[in-house]
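Have a look at the structure below, then the notes.
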Amino acid sequence: MKKVFLSIALWRICLALQAAVLHIGPGQPYPTLSAAAGVAQPGDTLLLHDGTYPGGLYIANLKGLPDQWITIRNAPGATVVFEGGNNAVQFTDPAYLHIEGLIFQHQTGNGLNLDDGGSYDSPAHHIVFDGCVFRDMAVSSNNDLLKLSGLDHFEIRGCQFQNGSAGGSGIDMVGCHFGTISGNRFENMGSNAIQSKGGCENLRVASNFFKNCGQRTLNIGGSTGLEFFRPDTAHFEAARVQVFSNILIGSIAPIAFVGAVEVDVAHNTIYRPDKWAIRILQETVDTSRFLPCGNNLFRNNLVVLSNANPVVTNIGPDTAPETFTFSNNLWFQADNPNWSGPNLPVTETDPVLNQDPLLQNPGNEDFSIPPGSPAAGQGLPLIEPKLDYLQQLFANPPAIGAIEANPVSSVSSDPRAPTAGLLIYPNPTSGAFRLVFPATTRPEFPLRISIADLSGRILLIQTLAGEADSVEVGNLPTGIYVARAGNFWARIAIGR
């Protein structure tokens, strides 16, 4: 048995030694990403140097291994832009792939397309998008900044989605499962910010910032041709989607349940939607196969309305609105002090009606609330989410909305959470700080760190060569920021 373990250890050491950095760009060994991908082996890093690269690439079967992921990223400090093309890149049947720090813009099909090759027998799987920018589609039809089809086990984190196609989505998912979308910023989308349909299941959308995201900010479900469902036996458009601790500004309808079941929408702040706060719809109608939209939860959400919202909830035919649960939401009609409350399909448990939540500074995208807010301590204690939009632990009982009024800590004690064990020293700081990671989960260096404001705008990016390196933030205005390094998050206060 010892010989077997020794052989495995030696095999892993050999894999690590074989891992290579493939340099890409003008004057580098590989002129294009496709050229490097054609020879890449598990564990390799495909490093793109500063420059603008043409889109329209097709890369198939780029696969790492569970302990030897392939990384595609920008060189430290480099600005890497994929310009134009139908898709910037179409990845077919990838696995164990980490894509980091790249910019995709001005495509005419989809910004980036990732799929399973049309066969769910072998889904694409284990993909991470980290700190990328998807922006400025050069078309106005049903085109998406990031198109995912048949993808399982994935993360999209710390990315920016800007200026989507008028008829498309920021992220469009068809038949995707076991994914997390967290810490991203979406602004000026066309039809949706995020759409999950075609049998999507077990997704988590958490701690994102959405501003003016078109028809339906979150289209949970949708309408999919039967031939595109993954698996083809799915009896829902979307199921078991968690929508936690997000901030949503504007949109015709920030939350749309569309042929969706067992969805949990909790601890979000919804600010001045353009028409409705919620839609309950059924667009794929076949009672012999598909469940009606129902058995969904809407709890601990803070909703600020205006005179544009005389009808808060829009309910379509073939749905089961009577199976929804509404509990402990705060509803504030900012333009009508005599408003008596929202039209909901069922009686809500313990709502807070038409009391000003005292949002700190919505015009400056600060949606925190003071300890004296009517939302403070009025939420229903939930198992999930544990963390608010700023990655603080919710109190018990929690505040209503995306940001806790009385946070337990800026660092989570939950080892599954991305903030687990990360320390920033000193905090507060007026100049520089260092990161201290737990000994049991130390990251690999070099490590990219970003500093974002409370709206999700990234203001500083730095690559750390080692844990001893410091991050200089003296040029940033006084305020509260979110620092992100790898899978770790923490709040930092910058003051003079």
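The values are calculated or read from the model by the stated rules, or taken from the named source; none is laboratory data. Keep in mind it's a predicted model, so treat the numbers as computed, not measured. A quick note on method: Cβ atoms are made from the backbone with ideal geometry, for glycine too, and the neighbour counts reach across all protein chains shown.
Can you tell me which of Asp93, Asp152, Asp116 is among the charged types (D, E, K, R) and within 21 Å of Asp44 (Cβ to Cβ)?
Details: Asp152 fails: within 21 Å of Asp44 (Cβ to Cβ); Asp116 fails: within 21 Å of Asp44 (Cβ to Cβ).
Exactly one residue qualifies, and that residue is Asp93.
From the residues in segment 215-227 that are at pLDDT below 95 and out of contact with any Lys or Arg (no Cβ under 6 Å at 6 or more places or on another chain), which one is surrounded by the most Cβ atoms within 10 Å (Cβ to Cβ)? Working first, answer last.
The first filter runs over segment 215-227 and keeps only residues at pLDDT below 95, leaving 222-227.
Cutting the leftovers down to out of contact with any Lys or Arg (no Cβ under 6 Å at 6 or more places or on another chain) gives us 223, 225-227.
Numbers: Ser223: 16, Gly225: 9, Leu226: 11, Glu227: 8.
The extreme case among them is Ser223.
If a residue must be under 14 Å from the mean Cα position of the chain (by Cα) and either β-branched (Val, Ile, Thr) or modelled with pLDDT of 95 or more (or both), how many such residues does segment 156-175 contain? If you could, list the steps in order and put the result at the bottom.
Within segment 156-175, the subset under 14 Å from the mean Cα position of the chain (by Cα) is 156-162, 169-173.
The next check asks that each one be either β-branched (Val, Ile, Thr) or modelled with pLDDT of 95 or more (or both); those that pass are 156, 161-162, 169-173.
Result for segment 156-175: 8.
Give just the number: which of (1) part of a strand (DSSP E or B); (2) closer than 15 Å to Phe290 by Cβ does Thr233 not satisfy?
Tallying (1) part of a strand (DSSP E or B); (2) closer than 15 Å to Phe290 by Cβ, Thr233 fails exactly one: (1).
Quick grid of which residues meet (1) of a type outside the set (A, V, I, L, M); (2) loosely packed, with under 15 Cβ neighbours inside 10 Å:
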residue: Leu291; (1), (2): no, no
residue: Asn301; (1), (2): yes, no
residue: Ala308; (1), (2): no, yes
residue: Val311; (1), (2): no, yes
residue: Ile315; (1), (2): no, no
residue: Phe326; (1), (2): yes, no
residue: Asn329; (1), (2): yes, no
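When you look at Gln355, is it closer than 25 Å to Pro342 by Cα, part of a loop (DSSP other than H, G, I, E, B) and at pLDDT 75 or above, yes or no?
Values: closer than 25 Å to Pro342 by Cα: yes; part of a loop (DSSP other than H, G, I, E, B): yes; at pLDDT 75 or above: yes.
Yes, satisfied.
Sort out which residues of segment 436-451 are touching a Phe, Trp or Tyr at 6+ places or on another chain (Cβ under 8 Å) and either surrounded by 13 or more Cβ atoms within 10 Å (Cβ to Cβ) or modelled with pLDDT under 70 (or both), and write them in order of number. Give the steps one after another, and end with the answer.
Taking segment 436-451 first, the residues touching a Phe, Trp or Tyr at 6+ places or on another chain (Cβ under 8 Å) are 436-437, 443, 451.
Passing the criteria: Phe437, Pro443, Ile451.
When segment 340-364 is examined, which residues are found to be farther than 15 Å from Ile278 by Cβ, buried (at least 18 other Cβ atoms within 10 Å of the Cβ) and not aliphatic (A, V, I, L, M)?
Residues satisfying the conditions are Asn354, Pro357.
Return yes when Ser251 is under 21 Å from Leu359 (Cα atoms) and surrounded by 24 or more Cβ atoms within 10 Å (Cβ to Cβ) and no when it is not. First the steps, then the outcome.
On the way: under 21 Å from Leu359 (Cα atoms): yes; surrounded by 24 or more Cβ atoms within 10 Å (Cβ to Cβ): yes.
For Ser251, the condition - under 21 Å from Leu359 (Cα atoms) and surrounded by 24 or more Cβ atoms within 10 Å (Cβ to Cβ) - is met.
To keep it simple, each residue is scored yes or no on (1) among the hydrophobic types (A, V, I, L, M, F, W, C); (2) within 26 Å of Glu201 (Cβ to Cβ).
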| residue | (1), (2) |
| --- | --- |
| Phe244 | yes, yes |
| Tyr271 | no, no |
| Phe290 | yes, yes |
| Thr313 | no, yes |
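What number of residues within segment 139-149 are assigned to a loop (DSSP other than H, G, I, E, B) and buried (at least 22 other Cβ atoms within 10 Å of the Cβ)?
Kept after step one, since they are assigned to a loop (DSSP other than H, G, I, E, B), are these residues of segment 139-149: 139-145.
Now restrict to residues that are buried (at least 22 other Cβ atoms within 10 Å of the Cβ): 143-145.
Matching residues across segment 139-149 total 3.
Yes/no matrix, rows are residues, columns are (1) modelled with pLDDT of 95 or more; (2) at negative phi; (3) among the hydroxyl-bearing types (Ser, Thr, Tyr):
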{"residue": "Ala37", "(1), (2), (3)": "yes, yes, no"}
{"residue": "Gly43", "(1), (2), (3)": "yes, no, no"}
{"residue": "Pro94", "(1), (2), (3)": "yes, yes, no"}
{"residue": "Glu100", "(1), (2), (3)": "no, yes, no"}
{"residue": "Asn113", "(1), (2), (3)": "yes, yes, no"}
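Collect the residues in segment 293-303 that are more than 16 Å from Val263 (Cβ to Cβ) and out of contact with any Pro (no Cβ under 7 Å at 6 or more places or on another chain), keeping them in residue-number order. Steps first, answer last, please.
So the first thing to find is which residues in segment 293-303 are more than 16 Å from Val263 (Cβ to Cβ), and the list is 302-303.
Once the filter is applied, which keeps residues that are more than 16 Å from Val263 (Cβ to Cβ) and out of contact with any Pro (no Cβ under 7 Å at 6 or more places or on another chain), segment 293-303 yields only Val303.
Condition check ((1) in a loop (DSSP other than H, G, I, E, B); (2) crowded, with 24+ Cβ neighbours inside 10 Å) across all residues:
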| site | (1), (2) |
| --- | --- |
| Leu114 | no, yes |
| Ser122 | yes, no |
| Met137 | yes, yes |
| Phe154 | no, no |
| Ser165 | yes, yes |
| Met173 | no, yes |
| Phe178 | no, no |
| Gln195 | no, yes |
| Val205 | no, yes |
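Taking segment 400-420, which residues are at pLDDT below 50, over 14 Å from Ala493 (Cα atoms) and either of a type in the set (D, E, K, R) or buried (at least 17 other Cβ atoms within 10 Å of the Cβ) (or both)?
Filtering segment 400-420 for residues at pLDDT below 50 gives 410-420.
Then keep just the ones that are over 14 Å from Ala493 (Cα atoms); that gives 412-420.
Matches in segment 400-420: Ser412, Asp414, Arg416, Ala417, Pro418, Thr419, Ala420.
I want to confirm something. Restricting to segment 205-231 and keeping residues that are under 19 Å from the mean Cα position of the chain (by Cα) and of a type in the set (A, V, I, L, M), which single residue is nearest to Asn192 (Cα to Cα)? Reasoning before the result, please.
At the first step, the residues of segment 205-231 found to be under 19 Å from the mean Cα position of the chain (by Cα) are 205-222.
When the remaining residues are screened for being of a type in the set (A, V, I, L, M), the result is 205-206, 218, 220.
Working: Val205: 14, Ala206: 16, Leu218: 6, Ile220: 10 Å.
So, considering only residues that are under 19 Å from the mean Cα position of the chain (by Cα) and of a type in the set (A, V, I, L, M), the one nearest to Asn192 (Cα to Cα) is Leu218.
So if I check each of Cys213, Cys293, Cys200, which one is closer than 21 Å to Val174 by Cα, touching a Cys at 6+ places or on another chain (Cβ under 6 Å) and in the same structural domain as Leu151 (by TED's automatic domain parsing)? Break it down stepwise before answering.
On the way: Cys213 fails: touching a Cys at 6+ places or on another chain (Cβ under 6 Å); Cys293 fails: touching a Cys at 6+ places or on another chain (Cβ under 6 Å).
The match here is Cys200.
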